[in-house]
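The structure under discussion appears below in the form of C-alpha cells.
The values are calculated or read from the model by the stated rules, or taken from the named source; none is laboratory data. Just so it is clear, the structure is predicted and the values come from calculations on it, not from any experiment. Ideal geometry is used to build each Cβ from the backbone, glycine not excepted, and the neighbour counts take in all protein chains shown. Areas reflect the complete protein model, heavy atoms only, side chains present, ligands, DNA and RNA absent. Shrake-Rupley method; radii C 1.70, N 1.55, O 1.52, S 1.80 Å.
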Amino acid sequence: MSINTGTGQQAGLNAAAAATFVVFGINGLVFASWAARIPAVTETLEITSGQMGTLLLCTAVGSLLALPTAGLVVGRIGTANTARFGGILAALAGAGIAASLSVASIPGTAVALFFFGIAIGLWDVAQNIEGADVEHKLRRTIMPQFHAAFSGGAFVGALIGAGLSTVGVGLPLHLLVIAGVVVVVMLTAPRYFLPHISTATPDGEPKAAKGPSAWRDSRTLLIGVVVLGATLTEGAGNDWIAKASVDGLGTSESTGALMFALFVLAMTAMRFLGGRVIDKYGRVAVLRASMAAAAAGLCLFVLAGNVWLAAVGAALWGVGAALAFPMGMSAAADDPKHAATRVSVVSTLGYISFLAGPPLLGYLGDLTGIHLALLAILAPILLALVLAGAAKPLRAG
C-alpha cells in the first residue's frame, strides 16, 4: 500500500512539474508573439515609437497593479485557478487587441493592453509559486528549468511572429489564433497542479491574528533587491545588446541581432543546466558566481576592442543573468506558509526594475552613448552580489 501511495505521489509530482513547464512555456510564447510584432502595431495604428512606448506603458501599469495583490489571490483560490484566470484574461485581452487593431483604435488597444498586463502579472506570480512548490516537493532545484521553458517559448513565439510577418499574415489573426491556443492550454495544464490549501479563514471560526506584511519582512526585501539587480541585468541585455553592438562596435544590424541571440542562447542553456549546479554548490555560492559572471561579461562586452571579444562578453553576461531571478523566486518561497505573498513582493520589485531600468538606460544613453551607458548597471549587479547571502535557504522549522 505504501509503495503504491509513494508511486502515486511521485506521478502526481511529475505531472505537476510537466504542467508547470508547459505553463511557463506558453507564457513566453504569448509574450514574444506580441513583442515580436510591435512594428506591425505602430504601422497599423500609424503612431510613432514614442507613442508606442506610451501604449506599452499601459501593459506595465496593469502588471504593476496586479503583482502586489497576486499573492493574496493565490492564497484564496490557489495557483491553478489564478494561473487559469490569468491565462483566460490574457486570451480575452489578446482578442481585444486584435479587434482594436482591426479598426485602428488606439484607445481600444490601450485598454486591452492594460488588462493584458493584469493577466500576465497574475499568471506570472501563480506559475512561480507553483514552480517553487513543485521544487520543494521534488527536493531538487528545478526552478531554472521552468524559466528556461519561458525563454524557449519566447524564442518559438518570436520565430512564429517573424514567419507570419514575412508571409503577410495580419497581426489580428495571429493574436486570435494565439488566444485560442492559450485558452485550450490554460484550461488543461493547471488541472495537474499540486492541490491547493486555502489560507482563508473558514466560516464560523475566529480570524487568526495577522502577521507582519511581506513588505516589512527584511529577508524578503533583501531578496527583492537581489532580484531587482538581476532583472535589470537581464532586461538591459534584452533591450540594448543589439543596439550597443551597432553603436559601440560599429557592427551591422544583423551582427547586432546575432549578438542578442548569443546572449539569449547562453541564458537559456544555463537555465536548463543550472539546477544541478545549484544543488551541488548551493544557492548563495551560485548566486554570487552569477553576479560576478554578469559583471565580468558586461565589462568585457563594453570595453572589448573587437567583435569576437565582445561576443565572449555577451555570452558570459547571459550566463550570469540566467539563474538569479529563478533563485530569487525559490528563496522567496522557502517558507510555504508565506510563499504566495513573498513571491508576489519579490516579483513586483523585479518587474519594476525590468520595466523601468531599460528606458532609464536609454535616457542615459542619449548623454553618453548606449554602449557606455550599460556600465551603469554594474552598481546593482555588485549590490546583488553583496546581498546574495539573503537568499540562503531557511532551516526547516
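Among the numbered conditions (1) surrounded by fewer than 17 Cβ atoms within 10 Å (Cβ to Cβ); (2) out of contact with any helix residue (DSSP H, G or I) (no Cβ under 7 Å at 6 or more places or on another chain), tell me where V61 comes up short.
Tallying (1) surrounded by fewer than 17 Cβ atoms within 10 Å (Cβ to Cβ); (2) out of contact with any helix residue (DSSP H, G or I) (no Cβ under 7 Å at 6 or more places or on another chain), V61 fails exactly one: (2).
Of all residues in segment 161-174, how many are under 14 Å from L29 (Cβ atoms) and at pLDDT below 80?
At the first step, the residues of segment 161-174 found to be under 14 Å from L29 (Cβ atoms) are 161-164, 174.
Filter again for at pLDDT below 80, leaving 161-164.
Qualifying residue count for the region: 4.
Okay, residues lined up against (1) more than 21 Å from A331 (Cα to Cα); (2) among the basic types (K, R); (3) part of a helix (DSSP H, G or I):
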position	(1), (2), (3)
I223	no, no, yes
G229	no, no, yes
T233	no, no, yes
G237	yes, no, yes
W240	yes, no, yes
K243	yes, yes, yes
T255	yes, no, yes
A261	yes, no, yes
L265	yes, no, yes
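If you scan segment 103-154, which residues turn out to be in a helix (DSSP H, G or I), open to solvent by 20 Å² or more (accessible area, probe 1.4 Å), of a type outside the set (A, V, I, L, M) and over 27 Å from I77 (Cα atoms)?
P107, G108, G152
Just one of (1) in contact with a His (Cβ under 9 Å, 6 or more places away or on another chain); (2) crowded, with 19+ Cβ neighbours inside 10 Å trips up N81, so point out which.
(2)
Have a look at I47, I120 and point out the one that is among the β-branched types (V, I, T) and either closer than 22 Å to G235 by Cβ or at pLDDT 90 or above (or both).
Values: I47 fails: either closer than 22 Å to G235 by Cβ or at pLDDT 90 or above (or both).
Just a single option satisfies the conditions, and that option is I120.
Can you tell me which of A296, A321, A289 is buried (at least 24 other Cβ atoms within 10 Å of the Cβ) and among the aliphatic types (A, V, I, L, M)?
Values: A296 fails: buried (at least 24 other Cβ atoms within 10 Å of the Cβ); A289 fails: buried (at least 24 other Cβ atoms within 10 Å of the Cβ).
Of A296, A321, A289, the one residue that is buried (at least 24 other Cβ atoms within 10 Å of the Cβ) and among the aliphatic types (A, V, I, L, M) is A321.
Could you check segment 239-256 and list, in sequence order, the residues that are open to solvent by less than 50 Å² (accessible area, probe 1.4 Å) and without any contact (Cβ under 8 Å) to a residue 40 or more places away in the chain?
A242, V246, G256
Please enumerate the residues belonging to segment 307-318 that are open to solvent by 10 Å² or more (accessible area, probe 1.4 Å) and in contact (Cβ under 8 Å) with a residue 12 or more places away in the chain.
Going residue by residue through segment 307-318, those that are open to solvent by 10 Å² or more (accessible area, probe 1.4 Å) are 307-309, 311-312, 315-316.
If the condition is that a residue be open to solvent by 10 Å² or more (accessible area, probe 1.4 Å) and in contact (Cβ under 8 Å) with a residue 12 or more places away in the chain, then V307, A311, V312, A315, L316 are the ones that fit.
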